[in-house]
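**Student:** My structure is below; once you've seen it, I'll send some questions.
The values are calculated or read from the model by the stated rules, or taken from the named source; none is laboratory data. All values derive from a computational prediction rather than experimental measurement. The area values use the complete protein model at the heavy-atom level, side chains included, leaving out ligands, DNA and RNA. Shrake-Rupley method; radii C 1.70, N 1.55, O 1.52, S 1.80 Å.
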Amino acid sequence: MTGKPQELASGDTSAAMRRERLLARVFVELADTLVDDFDVADFLRTLVEQCVRLMEVSAAGVVLADSQGRLRMAAASSERAGLLESLAVQTEDGPCIDCLRDGSPVRSTDLREDALRWPRFAAAAAAAGFRAAEAVPMRLRRTIIGSLTLLHTEAVQEDAGRTALSQALADVATIGLLQQRAIVRGEILTEQLQIALNSRVIIEQAKGVLSSRSHDPDMEHAFTALRGYARGHNLRLADVSREVADGTADIDAILAHASRSHP
């Protein structure tokens with residue numbers, strides 16, 4: 001009996017150490033943008049996936065401004081999250097919109113209680129199975145380039161630690177984008193973000209092609225295949241997507257990656 005508390009404490013310590021190591025790897029991955037084949041679309045997908053993994057939220061999404069200053073959904077960890085963030089942009093209604101306007105975190109621990117504040121977003125979120133949301137700005141000093149949204153399927157309590165971590169991830173991702181632009185290419189940020197947004201359109205087209213060829217309506221399986229093939233062959237996600245969309249890719253070879261697991 002006397003050994004159990006020590007065993008539990010040891011287990012807690014091990015879990016904390018694993019989490020710290022994972023956090024360190026994620027921050028390094030998000031900061032490591034100084035490579036010739038830097039892929040913005042894949043970078044943003046990594047950001048939202050790691051948010052889900054690290055903070056145990058149900059989904060995450062990123063909204064960015066294009067070269068004309070128009071807001072667009074740039075990345076999401078799931079199809080439902082992507083559709084919800086797209087609707088928020090189209091209707092200018094939701095935490096991500098207020099976050100971009102104010103430049104500060106915006107949260108709803110229970111969207112049912114905020115239905116009057118965001119009527120269209122709250123209704124769409126409920127239909128998609130989400131109950132709570134929190135958005136943090138992607139910013140560097142006074143420059144705001146977008147927002148990162150965390151989504152929950154259940155009502156939650158306010159969590160200062162979760163907000164701080166999501167803001168830290170958003171900040172390092174923003175710095176990574178600015179760093180890559182300034183040192184590698186010297187292009188203005190809006191041009192780099194426009195590439196990311198244009199890439200997302202091509203990726204969505206490719207997902208549709210793969211889904212129709214595999215007769216599997218699950219777009220996540222199509223994306224898994226697409227991303228797995230690109231990573232497995234050291235190719236840019238956008239380039240593989242373009243080949244799928246224009247009909248020059250080996251569709252069967254790409255679909256073979258749908259059932260595989262990629263970190």
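**Student:** Would you kindly find the accessible area of LEU235, with a 1.4 Å probe and non-protein molecules such as ligands, DNA and RNA excluded, rounding to the nearest 10 Å²?
**Tutor:** 90
**Student:** Hey, another quick one. Rank these residues by their accessible area, most exposed first, probe 1.4 Å: GLU158, GLU56, GLU134.
**Tutor:** Greatest to least solvent exposure: GLU56, GLU158, GLU134.
**Student:** Let me ask something else about it. What does the accessible area per residue of segment 93-144 come to in Å², with a 1.4 Å probe and no ligands, DNA or RNA counted?
**Tutor:** So segment 93-144 comes to 50 Å² accessible per residue, rounded to a whole number.
**Student:** On to the next question. I'd like the Kirkwood hydrodynamic radius of segment 92-154, using the inverse of the mean 1/r over distinct C-alpha pairs, in Å.
**Tutor:** Final number for the Kirkwood radius of segment 92-154 is 11.6 Å.
**Student:** Rounded to a whole number of µm²/s, how large is the Stokes-Einstein D of segment 206-249 at 25 °C and 0.890 mPa s, given Rh as the Kirkwood radius over C-alpha pairs?
**Tutor:** In µm²/s, the coefficient rounds to 241.
**Student:** Right, something else. Of all the C-alpha pairs in segment 39-158, what % are more than 19 Å from each other?
**Tutor:** 38
**Student:** How large is the Rg to Rh ratio of segment 84-124 when both quantities use alpha carbon positions and Rh follows Kirkwood?
**Tutor:** The Rg/Rh ratio comes out at 0.93.
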